[in-house]
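Below is one structure; the comments refer to it alone.
The values are calculated or read from the model by the stated rules, or taken from the named source; none is laboratory data. Here the structure is a predicted model, which is why all the values come from computation and not from measurement. We place every Cβ from the backbone using ideal geometry, glycine too, and count neighbours over all the protein chains shown.
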Amino acid sequence: MKKVIFVTYVFPPMAAVGSQRVVNFCRFLPNHGWQPVVLTVKGGHNTSWDNSLLKKIPDTIVYRTNTLEPYFWLSSLRKSNTEAFSKNKTTAEQSEPVSKLSLLKRIKQFLLLFLRVPDEIIFWLPFAVLKGIQVVKEEQISVIISTSPPVTSHICASLIARFTKIPHIVDFRDLWTLNHTYDQRHYPPFFRKYDKWWENLVLNRASEIVTASPAFTKLLQKHLSGKITIKTITNGFDYTDVDLNRIFRSASGKKMNILYAGSIYSDFNPEFFLEALSEWIQDKQIDPHTVAVDFYGNCGFDYSEWLKQLKLDTLVSFHGFIPRDQLLKRMETADYLLLLLGFKDEYKSVIPAKLFDYLATGIRILAIAPNGITVELIKKYNAGSWQCSPDKTAMKSLIDRLYTCAINGTTEEKKYRYIKEIDRSYLAGELANILDQHAADNIENQRKL
């Protein structure tokens, strides 16, 4: 069986959403003739951990290296307590202007910036490259795949590929300098050029690029002007985790249950939705005991005082991170699954990984998102409703319609829905086809030498 090595910083027990993509490729690639090998870190930095993910891939060969992470050490010296939410200070707020900072703070800010371009784990590079070269030779690897974020994984893999003369495939879960949040990093011109230099170095040497969104693929094709093949393999859903024949029902009866799964950050926040919900409850004199909204995932703000102001503190709950198997069970009790992308045009190309979980459950989706690829997929699979503009009157009207359906019981019966295009096994087969082609091309090139 041919072998492929994944160079990835994000890997279990890290429970970051990017881990799911690598784990599921590793789980299903052997069915398509490829033995996965993983090069990752010992420990690493992350906010959530889930050891159960490793149980899905007992036969995957994993190599872990040491690393240095001075950025996380230096940034940890700042206050790390969860900050109380205020409408006057949102998660997308810009930092204090440099001109108003003291000399010591300016030096610290420069060091933090220096240590996070191209990203915070750049000092993993020597450890990963040296170990990667060794592993490629010992395991007789045929193809290298690197996945990001963080993008240092691509730099490491590119250098390994250069020294070992094997194909390198770049996998973008999110883009690099074309990332939809790139401008929010506020890099000075020099650091932007430095970051771009690394990106060009990697992409000019890559054998092929894979992205997690067709919109990302179009952006890169335009940016690179056809210099390299770019294909799309989206995220998906592992149907071996569920019973497709089992019917499940809402647990609460005459109540509208809305659930959000995933982290809350930047513009992907619940503020617009919760304000509209509060106004709708007051306008319609809705019994608050007939509505429940639950958020599962990491959140950088404490919304408790703000929820009291909105009179939502008895019906909205933030539960924090829970392991994926538990989360799926909680999702089954919902009438609607909430998706938050904000309304900015730059998010039109984004497909949140949670969308595929939502689609697979068969539960109706309530999406707050710009009119882009995510809304297109919801329309394609007739999977729910969406709000594409910050119009609270329209939002309240939509909530009212969904509430009526939930209270009347028309959303109660649910069943997992099989969609071939999001089946992780099928998607692994698509990746295997790419691997087969590059492995064959490399053998042919070696013969010609």
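Scan the stretch 152-175 and give yes if some residue there is of a type in the set (Val, Ile, Thr), touching a Phe, Trp or Tyr at 6+ places or on another chain (Cβ under 7 Å) and assigned by TED's automatic domain parsing to the domain that holds Thr47, otherwise no.
Among the residues of the stretch 152-175, at least one is of a type in the set (Val, Ile, Thr), touching a Phe, Trp or Tyr at 6+ places or on another chain (Cβ under 7 Å) and assigned by TED's automatic domain parsing to the domain that holds Thr47, which makes the answer yes.
Every condition in (1) farther than 16 Å from Met256 by Cα; (2) modelled with pLDDT of 95 or more holds for Asp400 except the one numbered (1). Among the residues of the stretch 311-329, those identified as over 16 Å from Ala15 (Cα atoms), out of contact with any Asp or Glu (no Cβ under 7 Å at 6 or more places or on another chain) and not acidic (Asp, Glu) are Lys311, Leu312, Thr314, Leu315, Val316, Phe318, Lys329. Tell me yes or no: at least one residue of the stretch 279-298 is outside any loop (DSSP other than H, G, I, E, B), farther than 21 Å from Met395 by Cα and assigned by TED's automatic domain parsing to the domain that holds Thr393. So far as the stretch 279-298 goes, yes, one or more of its residues are outside any loop (DSSP other than H, G, I, E, B), farther than 21 Å from Met395 by Cα and assigned by TED's automatic domain parsing to the domain that holds Thr393.
In the stretch 1-40, the residue that is nearest to Thr65 (Cα to Cα) out of those that are in contact with a strand residue (DSSP E or B) (Cβ under 6 Å, 6 or more places away or on another chain) and of a type in the set (S, T, N, Q) is Thr40. For Thr232, indicate whether it is under 22 Å from the mean Cα position of the chain (by Cα), under 29 Å from Thr333 (Cα atoms) and surrounded by fewer than 19 Cβ atoms within 10 Å (Cβ to Cβ). Taking the combined requirement at face value, the residue does not satisfy it.
Screening the stretch 73-101 for residues that are in contact with an Asp or Glu (Cβ under 9 Å, 6 or more places away or on another chain), at pLDDT 60 or above and surrounded by 14 or more Cβ atoms within 10 Å (Cβ to Cβ) and picking the one that is farthest from Gln184 (Cα to Cα) gives Phe85. Pairing residues of the stretch 177-193 that are touching a residue at least 24 places away in the same chain (Cβ under 8 Å) and closer than 14 Å to Asp267 by Cα with residues that are among the hydroxyl-bearing types (Ser, Thr, Tyr) and part of a loop (DSSP other than H, G, I, E, B), at Cβ distances under 9 Å and at least 6 apart in sequence or on separate chains, gives His180/Ser349; Thr181/Ser266; Gln184/Ser266.
Among the numbered conditions (1) in a helix (DSSP H, G or I); (2) closer than 20 Å to Glu279 by Cα; (3) free of Cβ contacts under 8 Å to residues at least 60 places away in the same chain, the only one that Thr314 does not meet is (1).
When Tyr63 is tested against (1) at pLDDT below 85; (2) in a strand (DSSP E or B); (3) among the aromatic types (Phe, Trp, Tyr), exactly one condition is not met: (1).
Of Leu355, Leu366, Leu312, Leu340, all but one fail to be buried (at least 17 other Cβ atoms within 10 Å of the Cβ), in contact with a Pro (Cβ under 7 Å, 6 or more places away or on another chain) and at pLDDT 95 or above; the exception is Leu340. Here Asn204 meets the list (1) modelled with pLDDT under 90; (2) under 30 Å from His168 (Cα atoms) almost entirely, failing just condition (1). Is at least one residue of the stretch 315-332 among the hydrophobic types (A, V, I, L, M, F, W, C), surrounded by 21 or more Cβ atoms within 10 Å (Cβ to Cβ) and closer than 22 Å to Trp49 by Cβ? Yes - at least one qualifying residue is present in the stretch 315-332.
Scanning the stretch 276-286 for residues that are closer than 30 Å to Ala16 by Cα and either surrounded by fewer than 18 Cβ atoms within 10 Å (Cβ to Cβ) or touching a Ser or Thr at 6+ places or on another chain (Cβ under 7 Å) (or both) gives no hits.
Within the set Asp243, Asp183, Asp267, the sole residue that is surrounded by fewer than 15 Cβ atoms within 10 Å (Cβ to Cβ) and modelled with pLDDT under 90 turns out to be Asp183.
Considering the conditions (1) under 30 Å from Asn433 (Cβ atoms); (2) under 23 Å from the mean Cα position of the chain (by Cα), Asn200 is excluded by exactly one of them, (2).
Of the residues examined, Phe356 is not one that is farther than 22 Å from Arg21 by Cα, touching a strand residue (DSSP E or B) at 6+ places or on another chain (Cβ under 8 Å) and of a type in the set (A, V, I, L, M, F, W, C). Leu159 - would you say it is farther than 30 Å from Lys354 by Cα and in contact (Cβ under 8 Å) with a residue 12 or more places away in the chain? Criteria met by Leu159. Checked against (1) outside any helix (DSSP H, G or I); (2) within 21 Å of Ile399 (Cβ to Cβ); (3) under 24 Å from the mean Cα position of the chain (by Cα), Ser349 passes all but a single condition, namely (2).
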